[in-house]
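Participant: Below you will find the structure I want to go over with you.
The values are calculated or read from the model by the stated rules, or taken from the named source; none is laboratory data. The shown structure was predicted, so the numbers you read here are calculated from the model rather than taken from an experiment. Using ideal geometry, Cβ is built from the backbone for each residue, glycine included, and neighbour counts are taken over all protein chains shown.
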């Protein structure tokens, strides 16, 4: 079955995303159902979205669950066979969805499709086997991993509705999902004629930049250790993470001496994320907002 506007829903997870979410929604083809999962109890945000857009349903998660858990809520709520995950700081270029619809007619079997990021310096996919171009059609490329800020999921390929691993709060939940697809013999494709603009690190209002940066540093090393331990074993996880951990400790001591409070806290958080992961604690750290 090919994809169309009748069997596709869009899921967008938000948190303090008021500055970017409207541009994202406005770039989506009219009439396609959009499910916004707001990782808070912000009823005003829900009312504003649903009054402005008739095709938008906003679900309040009541707590900051993270990207993976938030996406799972939206995917399971969707009534369609296909669900496209978008970050709120993603804007679809003209005909992005239409070109995915057309390409899906050429692919008999897939688990995940992805549009192509317009920023050629930062490709949103990874290929291990460089010969993965199908039918001599360079608009359809078989890849091993795609970034989580834009991916289209074929729900029928995921047994028991298991999508993102909710142990991840942020980072590498998309790599984990793609790796699971590969291990089960599924296929992941990038449609190069479908273009998107990703603003990058602008999902949350920039006035919270410092808090988000501290959170990212904590979760990056936590997630890196958890991902590698889960998929490749504890030895590999230690090899991948220990150099960054020791570097973070040294930088923490340096900035403690220099009196740079923010950088001291940044590298403390990075080391703390690794410590919490290695002793088996959950990804509990959350950014602190003043409202």
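Participant: Looking at 157, 121, which one is assigned by TED's automatic domain parsing to the domain that holds residue 70, more than 16 Å from the chain's Cα centre (by Cα) and under 28 Å from residue 270 (Cβ atoms)?
Facilitator: Selected residue: 121, the only one of 157, 121 that is assigned by TED's automatic domain parsing to the domain that holds residue 70, more than 16 Å from the chain's Cα centre (by Cα) and under 28 Å from residue 270 (Cβ atoms).
Participant: Show me the strands (runs of 3 or more DSSP E) found entirely inside the range 44-115 where at least 3 residues are without any contact (Cβ under 8 Å) to a residue 40 or more places away in the chain.
Facilitator: So the answer is 56-60.
Participant: Return the total of residues in the range 79-91 being over 15 Å from the mean Cα position of the chain (by Cα) and buried (at least 20 other Cβ atoms within 10 Å of the Cβ).
Facilitator: Start the filter on the range 79-91 by keeping residues that are over 15 Å from the mean Cα position of the chain (by Cα), which leaves 79-82.
Checking the rest, the ones that are also buried (at least 20 other Cβ atoms within 10 Å of the Cβ) come to 82.
Summing the residues that are over 15 Å from the mean Cα position of the chain (by Cα) and buried (at least 20 other Cβ atoms within 10 Å of the Cβ) in the range 79-91 gives 1.
Participant: Does the range 19-43 hold any residues that are assigned to a loop (DSSP other than H, G, I, E, B) and surrounded by 15 or more Cβ atoms within 10 Å (Cβ to Cβ), and which are they?
Facilitator: Once the filter is applied, which keeps residues that are assigned to a loop (DSSP other than H, G, I, E, B) and surrounded by 15 or more Cβ atoms within 10 Å (Cβ to Cβ), the range 19-43 yields 19, 20, 27, 28, 29, 32, 33, 39, 40, 42.
Participant: Right, here's the next one. Any idea which of 248, 272 is in the same structural domain as residue 217 (by TED's automatic domain parsing), farther than 19 Å from residue 170 by Cα, surrounded by 12 or more Cβ atoms within 10 Å (Cβ to Cβ) and touching a helix residue (DSSP H, G or I) at 6+ places or on another chain (Cβ under 7 Å)?
Facilitator: After ruling out the rest, the residue left standing is 248.
Participant: Moving to a separate point now. In contact with a helix residue (DSSP H, G or I) (Cβ under 6 Å, 6 or more places away or on another chain), crowded, with 20+ Cβ neighbours inside 10 Å, in contact (Cβ under 8 Å) with a residue 12 or more places away in the chain and farther than 24 Å from residue 24 by Cα - does that describe any residue in the range 194-213?
Facilitator: Looking through the range 194-213, none of the residues is in contact with a helix residue (DSSP H, G or I) (Cβ under 6 Å, 6 or more places away or on another chain), crowded, with 20+ Cβ neighbours inside 10 Å, in contact (Cβ under 8 Å) with a residue 12 or more places away in the chain and farther than 24 Å from residue 24 by Cα.
Participant: Restricting to the range 169-185, give me the number of residues that are touching a helix residue (DSSP H, G or I) at 6+ places or on another chain (Cβ under 7 Å) and either crowded, with 19+ Cβ neighbours inside 10 Å or at pLDDT below 95 (or both). Give the derivation first.
Facilitator: Taking the range 169-185 and keeping what is touching a helix residue (DSSP H, G or I) at 6+ places or on another chain (Cβ under 7 Å), we get 169-173, 175-176, 179.
Those still in the list that are either crowded, with 19+ Cβ neighbours inside 10 Å or at pLDDT below 95 (or both) too: 169-173, 175-176.
Matching residues across the range 169-185 total 7.
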